[in-house]
Each structure stands twice: as structure tokens, then as C-alpha cells.
Amino acid sequence: MELWNSTVGTDFILVGILNDCALPELLCATITALYMLALISNSLLLLVITVDTRLHVPMYHLLGQLSLMDLLFTSVVTPKALVDFLRRDYTISFGGCALQMFLALTLGGAEDLLLAFMAYDRYVAICHPLNYMVYMRPRVCWLMVATSWILASLNALGHTVYTMHFSFCRSWEIKHLLCEIPPLLKLACADTSRYELMVYVTGVTFLLLPLSAIVTSYTLILFTVLHMPSNERRKKALVTCSSHLTVVGMFYGAAAFMYVLPSSFHNPEQDNTISVFYTIVTPALNPLIYSLRNKDVIGALKRVLGRSMLLAHSAP
């Protein structure tokens, strides 16, 4: 077994899900369609939230950040996977691998924290509606967004630097869709058990603390909704919260599988499937989940598209 130093510039080989499935061309077409859906739907949602002044409220500001994170997250992974498959060249440089890991960890961690802040926003809106603009004033909203990005970036930087300092000798092949900590540690020459424990602890902290905040927020929301005298208000609150809970379930389920379950429960096939789910499927579905049942977003989209068509017709 050859020992090689990961710092001399040797390329890794990403052996993702497109290499191991029975119908790779069909899967490639499906992933391409999902990526295009993610690009279009998230871009549209960002455009509508930016252009329509009626959506310039904290809830939609946070939702716009979620769309931005999803758009960037899927773009960090999907285009390279598709181009590699079409070119039949699956290599990624040491620096490229480190950059992809850093970006994926940053965007995933930021989304993790943002979902908790979005739950708090719904709690304030439903349980303390009269004080909503006090508790969720613009400065607080921007602080939430900045906290999500900064904490996630610092966590990602630490993990990326430490993971990539190992020498890798077991193989050059990363049996995963992207460069992530668990599959890379399997290639390390040194004993990584202590670092794996640290990854587990930070994974639990980064995932379960925000998830606890989400569960607490929605428990309080449920008690408040059940005591609402108006059926219309109750229905609107439940629709908004159910959309958020659907997104939370998809994101946290996949993230917990990768970073909370012990390494003995992992195998390359399952990890590849889960990675496709949270890097490609979830970013494509999130904007649809939030917008299809949201009358404010649908109305804003119609207004924006209507203005665009009017401008197109009036142009010489």
C-alpha cells in the first residue's frame, strides 16, 4: 500500500453515485433536471423577495437567505459532478477538495443555524404578534443572518484545515459525491478516532442545539394555535409552520445521518444517496415547499411577472 503525502499536489478521485448506479445516464438526466429546478426556483424566489416591497419583512428576509444558501450549496457540488460524469474525469485537486469541503460545511452549517432563527421568527409572529417588529427589528434580523454565516464559516475553516492536514495512504479514491469529512478520514494513514469523536461532538452541538430550539419554538406555537379563536388565523399559522417543519425534517434528517451517526453505521452507497438528497434534492424542493402554499409569495410572483410582461410589451 503506497504512502503518499497529501500536500504534494496529488489529485483525489471522486467516486460518486453516478459511478455506481445501474442507469447512470438516467440518473445524470434526473440530477440535471433537479439542479435546473433548484437554480430557477431559488433565483425566482430571491428575485421576488428583493423586488416586491410587500415581502420586505423579517420572515421573507430570512427565507431569501435560505434560498441563497440552497442556491450556492447545490452549485458547489452539482455542476462538477455532472461535468465529471460527461468528461469521464473524476479527479479533484487537493486545493479543490479543501475548498469544496469548506464551502459545503459553511453553507450546510449556515442553513442549520438559519432554520433555528426562522423557527424563532415564527414563534414571535404567532405567540407575540403585537411585539413582532420589536423582537424582529431589522438589526436583530441582520444579526441572525450574520451569526449564521460567521459561526458556520469558523466551524468549517477549523474542520477543513484539520481534516486536510492528514496524510492519506489507503487510496486516492473518495467514495462520495463530494469532499466531506467522513469519507476522507477513511483514507487517512494516522489514527483518526479522536478527531472523529470531535467531529461527532461538534456535529451533535451544531445540529441538536438548533433542533432543540426549533422543537421548543414549535411546541409553544402549537399551544398558541390551539387556543386561537379564529379558524382562518389557525389555518394560516399551521400552513406556514408545516412548510418550515417539512424543510427542517428533510435537512436535519440527512445531516444527522452524516455527522451524528457513528462511522460504523456508514457505508459508501448509503452516504452517496444521502449526499444527493441534501445537496441536490432538498435545494430544489425547498422553494417549492415554501411558495406553493404561500399566498403572499404567489401573489408577489404574479405581480413581478405581470410587470415584466408589461415592460416587454411596451418596449419598442
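The values are calculated or read from the model by the stated rules, or taken from the named source; none is laboratory data. These numbers were taken from a predicted model, which means no experiment stands behind them. Every residue, glycine among them, receives a Cβ derived from its backbone with ideal geometry; neighbour counts consider all protein chains shown. Just the protein is used for accessible areas: all its heavy atoms, side chains included, with ligands, DNA and RNA removed. Shrake-Rupley method; radii C 1.70, N 1.55, O 1.52, S 1.80 Å.
Out of the total accessible area of the range 188-255 (probe 1.4 Å, heavy atoms of protein only), what percent is carbon and sulfur? Carbon-and-sulfur percentage of accessible area, whole number: 69. Loop-located trypsin sites (Lys or Arg not before Pro) across the range 131-207 with a Cβ neighbour count of 12 or fewer within 10 Å are 170, with loop assigned by DSSP. Semi-axes of the equivalent ellipsoid of the range 135-245 are 42, 16, 12 Å, computed as sqrt(5λ) over the eigenvalues of the C-alpha gyration tensor in descending order. Note the full-extension length gain between residue 50 and residue 223 as 0.36 nm times their separation in residues minus their Cα-Cα distance, in nm to one decimal. Using 0.36 nm per residue and subtracting the Cα-Cα distance, I get 58.9 nm. For the range 84-177, the Kirkwood estimate of the hydrodynamic radius, built from every pair of different alpha carbons, is 16.1 Å. Sequence-ordered 3J(HN,Hα) estimates for the range 193-206 from the Karplus curve with 6.51, -1.76 and 1.60 and θ = phi - 60° stand at 4, 5, 5, 4, 5, 5, 4, 4, 5, 5, x, 4, 5, 5 Hz, glycine and proline given as x. Net charge of the neighbourhood of residue 304, taken over other residues with C-beta under 14 Å away and scored Lys/Arg +1, Asp/Glu -1, is +2.
Since only 243, 197, 281 are under comparison, the one whose Cα sits farthest along the positive direction of the charge dipole of the chain, derived from C-beta charges on Lys, Arg, Asp and Glu, is 243. Applying Stokes-Einstein at 20 °C and 1.002 mPa s to the Kirkwood radius of the range 20-172, computed over alpha-carbon pairs, gives a translational diffusion coefficient of 120 µm² s⁻¹. Once R0 is set to 35 Å, what does the formula 1/(1 + (r/R0)^6) return for the Cβ-Cβ distance between residue 10 and residue 82, expressed as a FRET efficiency to the nearest 0.05? That pair, residue 10 with residue 82, gives E of 0.90.
With R₀ fixed at 22 Å, the C-beta to C-beta distance from residue 146 to residue 216 puts the FRET efficiency at about 0.45. Annotation: per residue accessible area for the chain equals 50 Å², rounded to a whole number [probe 1.4 Å, protein chains only]. When the solvent-accessible area of the range 30-72 is split by element, carbon and sulfur atoms take up 76 percent of it, the probe being 1.4 Å.
Can you match mean projected area of the Cα convex hull in nm² to one of these, (i) 19.8; (ii) 17.2; (iii) 45.9, based on a calculation from the structure here? So the calculated entry is the one marked (i).
Here the range 163-295 is treated with +1 on each Lys and Arg Cβ and -1 on each Asp and Glu Cβ, and its dipole about the Cα centre works out to around 700 debye. Taking 0.36 nm per residue of separation and subtracting the Cα-Cα distance, full extension of the segment from residue 186 to residue 43 would add 47.8 nm. Between residue 231 and residue 162, residue separation times 0.36 nm minus the direct Cα-Cα distance comes to 19.5 nm.
Rounded to the nearest 20 debye, the dipole magnitude of the range 17-130 is 140 debye, with +1 charges on Lys and Arg beta carbons, -1 on Asp and Glu beta carbons, and the Cα centre as origin.
When a 1.4 Å probe is rolled over the protein heavy atoms, the share of accessible surface on the range 123-179 that falls to carbon and sulfur comes to 67 percent.
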